[in-house]
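Novice: Here you go, one structure.
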């Protein structure tokens, strides 16, 4: 690659799409971009996308992450959040950086590891995508074997469950069965923006506790 990617100015909400990018070039671009950056990448069999998120995207990402963490804490389920870690598999020629992801059922399998290799390590159990800028790539998550993918777009939460290698939309989560995520998450995310983060998180935590005890 002749382009110096560190010199590229990708404005929030914009993306760069490159074709015919080899795996070796993809690895080199990741190294050049480094880990401390705002942009996100997706690589699918030679096509590389580099996207810079909007502020709205980042706000929703943080709040949605907080809701997942509260659910897991109140249910006393051990978990490991890995943020926008780059997940890739050379054999499949695919890679993705979710807005956030969680190891839950497979947390013990990767506990203490500094580096993950999806050819031998399990993928995250849950990935989050905030689709304000239309960058979700469910086919990549399918190929990597991520069991559950949540997409939040235009005020709605879509829950995708992996079944026979393909995602199917579901009204409930395998991780949090019977909890009305699609109704509660958008409602409380909006509350965060109106009533404030701390007040809303306390209310959400109380809701989860009462639901769990019922």
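Novice: Inspect region 52-59 for any residue being modelled with pLDDT under 90, part of a helix (DSSP H, G or I), closer than 29 Å to residue 28 by Cβ and in contact with a helix residue (DSSP H, G or I) (Cβ under 8 Å, 6 or more places away or on another chain) and give the result as yes or no.
Specialist: Here is the first cut: in region 52-59, the ones modelled with pLDDT under 90 are 52-59.
Still in the running and part of a helix (DSSP H, G or I): 55-59.
If we keep only those that are closer than 29 Å to residue 28 by Cβ as well, we get 57-58.
Among the residues that remain, those that are also in contact with a helix residue (DSSP H, G or I) (Cβ under 8 Å, 6 or more places away or on another chain) are: 57.
Yes, the conditions are met somewhere in region 52-59.
The rows are residues; the columns are (1) touching a helix residue (DSSP H, G or I) at 6+ places or on another chain (Cβ under 6 Å); (2) more than 21 Å from residue 62 (Cα to Cα); (3) modelled with pLDDT under 95; (4) assigned to a helix (DSSP H, G or I).
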position: 88; (1), (2), (3), (4): no, yes, yes, no
position: 91; (1), (2), (3), (4): no, yes, yes, yes
position: 108; (1), (2), (3), (4): no, yes, yes, yes
position: 115; (1), (2), (3), (4): no, yes, yes, no
position: 124; (1), (2), (3), (4): no, no, yes, no
position: 132; (1), (2), (3), (4): yes, no, yes, yes
position: 135; (1), (2), (3), (4): no, no, yes, no
position: 151; (1), (2), (3), (4): yes, no, yes, no
position: 161; (1), (2), (3), (4): no, yes, no, no
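Novice: All but one of (1) modelled with pLDDT under 75; (2) surrounded by fewer than 16 Cβ atoms within 10 Å (Cβ to Cβ) hold for residue 39, so report the exception by its number.
Specialist: Just one mismatch for residue 39, condition (2).
Novice: Name the residue that is modelled with the highest pLDDT, counting only residues in region 1-26 that are touching a strand residue (DSSP E or B) at 6+ places or on another chain (Cβ under 7 Å) and closer than 21 Å to residue 83 by Cβ.
Specialist: 26
Novice: Just to check your reading of the model, which residue among 102, 63 is in a helix (DSSP H, G or I), modelled with pLDDT of 80 or more and surrounded by 18 or more Cβ atoms within 10 Å (Cβ to Cβ)? Please lay out each step first, then the result.
Specialist: Working: 102 fails: in a helix (DSSP H, G or I).
Exactly one of 102, 63 is in a helix (DSSP H, G or I), modelled with pLDDT of 80 or more and surrounded by 18 or more Cβ atoms within 10 Å (Cβ to Cβ), namely 63.
Novice: Looking only at region 73-85, decide whether some residue is modelled with pLDDT under 90, in contact with a helix residue (DSSP H, G or I) (Cβ under 7 Å, 6 or more places away or on another chain), buried (at least 17 other Cβ atoms within 10 Å of the Cβ) and in a strand (DSSP E or B).
Specialist: Keep residues of region 73-85 that are modelled with pLDDT under 90, which gives 82-85.
Adding the requirement that they be in contact with a helix residue (DSSP H, G or I) (Cβ under 7 Å, 6 or more places away or on another chain) leaves none.
So far as region 73-85 goes, no, none of its residues is modelled with pLDDT under 90, in contact with a helix residue (DSSP H, G or I) (Cβ under 7 Å, 6 or more places away or on another chain), buried (at least 17 other Cβ atoms within 10 Å of the Cβ) and in a strand (DSSP E or B).
Novice: May I pose another question? Among (1) within 21 Å of residue 131 (Cβ to Cβ); (2) touching a residue at least 60 places away in the same chain (Cβ under 8 Å), which single condition is residue 171 missing?
Specialist: Among (1) within 21 Å of residue 131 (Cβ to Cβ); (2) touching a residue at least 60 places away in the same chain (Cβ under 8 Å), the lone unmet condition for residue 171 is (2).
Novice: Identify all residues within region 171-204 that are farther than 14 Å from residue 70 by Cα and outside any helix (DSSP H, G or I); write none if there are none. Walk me through how you get there before you give the answer.
Specialist: Within region 171-204, the first condition is being farther than 14 Å from residue 70 by Cα, and the residues that meet it are 171-174, 177-178, 180, 182-183, 186-187, 190-196.
171, 172, 173, 174, 177, 178, 180, 196, listed by residue number.
Novice: Residue 29 - would you say it is crowded, with 16+ Cβ neighbours inside 10 Å and either modelled with pLDDT under 75 or in a helix (DSSP H, G or I) (or both)?
Specialist: When the stated conditions are applied, residue 29 passes them.
The values are calculated or read from the model by the stated rules, or taken from the named source; none is laboratory data. Not measured: the values here are computed from a predicted model. Virtual Cβ from ideal backbone geometry, glycine too; neighbours counted across all protein chains shown.
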